[in-house]
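Chemist: Please see the structure below; I have some questions.
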Amino acid sequence: MKAISVLGSTGSIGTQTLEIAEEFPEEFKVVALTAGKNLDLLLKQIKVHQPEVVALPEETNVLKLRDLLNDLDLTDRPKQLPELFSGLEGLEIAASWEPADIVITGIVGCAGLLPTLAAIKAGKDIALANKETLIAAGPVVLPELKRSGSRLLPADSEHSAIFQCLQGTPWAENARLSTGIPTPGLRNIQLTASGGAFRDWSTNDLRKVTVEDATSHPNWSMGRKITVDSATLMNKGLEVIEAHYLFGLDYENIEIVIHPQSIIHSMIELADSSVLAQMGWPDMKLPILYAMSWPNRIATPWKRLNLAEIQHLSFKAPDTTKYPCMRLAYSAGKSGGTMPAVLNAANEEAVALFLKEKIHFLNIPKLIESTCEKHINELRLDPNLSDIIYVDQWARKEVQELAQKNVRQFPK
Ligand code: NAD
Ligand code: MG
């Protein structure tokens, strides 16, 4: 039985993690939860999972949650009410909660960075969904992992696929768990991409994109930010940087291939030119479960893959002209240091502006590119945590100012 702490329990990753815990009560016990503002859902989760501790960023929401818990009928009330905490400190307490064996990081964006670092410092195993943490702060996270012995187990489906393929190689014993050191025998990675909401749209059609269009994914049901990232293909670009830090490969050896069916979740090429792929229906529960249960496999009654039913798997090269975000991510990754943090923060801010209908979809990459270009002369190659937090804040402000000032250059 593993005790789990779920950060971002009310989101897409968080709710799926809790569904897994509910389905396999002999394997997992929930001891800590954090959420944002969805108190109704959080209350339901507390009743079902009876965690020891719950944390929320805002003190006012903690007070509201305390009232909701006290108002519960005795029949409905958990035997032991959870300890409640607020603010960053509260999130860090839940992330490093002593009884937890593994922490599932389902907070979206760089807001997950400090809680994830707290979990790493406490030596927890991390089921990493919150990719933005590693992308923005790889140079800070990797040494912390080494210091504490904490392991990053990828929950992102592509990285889980690569990790699963590595288990089957003669190098499995040495397969690195995110030390940033090259994995022996691993020559190349191919990350598969569904192509996002606009894979069948022409460049001209992209001028007409609405928020509703960009938040509907053809294959995966996910939170709004990552769904927009999938539509711009920035998600794949961010995953290239994530793979670089997780598996220690140079950017030349991390490729993207469009695979609309999302059945192959990614592939690795080994030193002898053999290629291994991991397959399954596009269901995030599989990679989340593997990260939670590694190195074991848990038998599930879930829908089994039937290739005869699917019949065709297709592949094509990505179009970097139509989707500039991939090029920007490779470039930021190769620059290294603080540049991925700037790319990530600029993207988070630009996507937030798009979701508020303040900028057009096509302006997302333009704002990111201008911000990254402006950072080149300030680039720090060996940043510490303060540098990362500083450039994150700077990039967000820069995007806001650019979007306001250059109305003509960045029309709505
Ligand atoms: P989501 O928007 O559905 O959920 C985000 C969760 O984080 C919610 O519980 C929310 O309350 C919480 N949260 C948001 N802002 C917060 C803040 N400032 N402080 C504390 N908590 C906050 O997002 P999601 O789709 O579940 O994605 C979560 C992470 O997992 C992202 O980093 C995403 O890239 C990654 N990921 C998601 C999927 C997926 O299928 N959803 C797949 C791969 C990777
Ligand atoms: Mg992914």
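Chemist: Can you check what the net charge comes to around A193, using other residues whose Cβ is under 15 Å from the Cβ of A193 (Lys, Arg +1; Asp, Glu -1)? Please report the intermediate quantities before stating the final value.
Modeler: Values: positive: K131, R199, K236, K316, K322, R327; negative: D156, E158, D200, D229, E239, E242, E255, D319.
After counting each charged neighbour, the total is -2.
Chemist: Amide H to amide H under 5 Å from F85: which residues, 5+ apart in sequence or cross-chain, H placed 1.01 Å off N in plane?
Modeler: V54, A55, L56
Chemist: Could you tell me the number of lysine pairs in the stretch 118-277 with C-alpha atoms less than 23 Å from each other, where the two lysines are 8 or more residues apart or belong to different chains?
Modeler: Count of close lysine pairs: 9.
Chemist: What FRET efficiency comes out for the pair T320/L379, r = Cβ-Cβ distance, R0 = 25 Å, nearest 0.05? Let's see the in-between values first.
Modeler: Numbers: r = 23 Å, r/R0 = 0.91.
Taking R0 as 25 Å, the efficiency between T320 and L379 is 0.65.
Chemist: With a 1.4 Å probe and all protein chains kept in place, how much accessible area does S370 have, in Å² rounded to the nearest 10?
Modeler: About 30 Å², ignoring ligands and nucleic acids.
Chemist: A further question on this structure: Determine which lysines satisfy two conditions relative to K374: a Cα distance under 18 Å, and not lying fewer than 8 residues away in the same chain.
Modeler: List returned: K334, K366, K397, K405.
Chemist: Hey, what do the phi angles of the stretch 26-39 turn into as Karplus ³J(HN,Hα) couplings, whole Hz, using 6.51/-1.76/1.60 and θ = phi - 60°, x for Gly and Pro?
Modeler: 7, 9, 10, 10, 7, 10, 8, 9, 10, 9, x, 10, 7, 6
Chemist: For L276, what charge total do you get from the other residues with a beta carbon under 12 Å from its beta carbon, if Lys and Arg give +1 and Asp and Glu give -1? Mind showing how you got there, number by number?
Modeler: Values: positive: R187; negative: E269, D272.
Here the charged neighbours net out to -1.
Chemist: Sticking with this one: Rounded to a whole number, what % of the accessible area of the chain do carbon and sulfur atoms account for, probe 1.4 Å?
Modeler: Values: 8920 of 18000 Å².
Of all accessible area on the chain, carbon and sulfur atoms account for 50 percent.
Chemist: List the extent of the Cα atoms of the chain along each of their three principal axes, largest first, rounded to whole Å.
Modeler: 60, 54, 44
Chemist: While we're looking at this one, here's another question. Once the piece of chain linking E98 and Y390 is laid out straight, how much longer is it, given 0.36 nm per residue of separation minus the C-alpha distance between them?
Modeler: On the way: separation 292, 0.36 × 292 = 105.12 nm, distance 3.03 nm.
Extra length available between E98 and Y390 comes to 102.1 nm.
Chemist: Taking the Cα centre of the stretch 212-319 as the origin and placing charges on Cβ (Lys, Arg +1; Asp, Glu -1), which of L238, L289, N219 is farthest toward the positive end of the dipole?
Modeler: L289
Chemist: Now for a separate question. Where does the chain land at 222 nm, in deg cm²/dmol rounded to the nearest 500, when only DSSP H runs of n ≥ 4 count, each adding -39500 (n - 2.57), divided by all residues? Before the final figure, lay out the partial values.
Modeler: On the way: 16 runs with 185 residues, N = 412.
After summing the helix terms and dividing by residue count, I get -14000 deg cm²/dmol.
Chemist: I've got another one for you. What pairs from K2/K316; K2/K44; K2/K79; K37/K358; K322/K358; K322/K356 go past 29 Å between their alpha carbons? Please list the in-between numbers first.
Modeler: Numbers: K2/K316 41 Å; K2/K44 22 Å; K2/K79 21 Å; K37/K358 23 Å; K322/K358 22 Å; K322/K356 23 Å.
Flagged as over cut-off: K2/K316.
The values are calculated or read from the model by the stated rules, or taken from the named source; none is laboratory data. In this text, all values refer to a predicted model and were calculated from it rather than measured experimentally. Neighbour counts run over all protein chains shown; Cβ positions are idealised from the backbone, glycine included. What goes into the accessible areas is simple: the full protein's heavy atoms, side chains included, and nothing from ligands, DNA or RNA. Shrake-Rupley method; radii C 1.70, N 1.55, O 1.52, S 1.80 Å.
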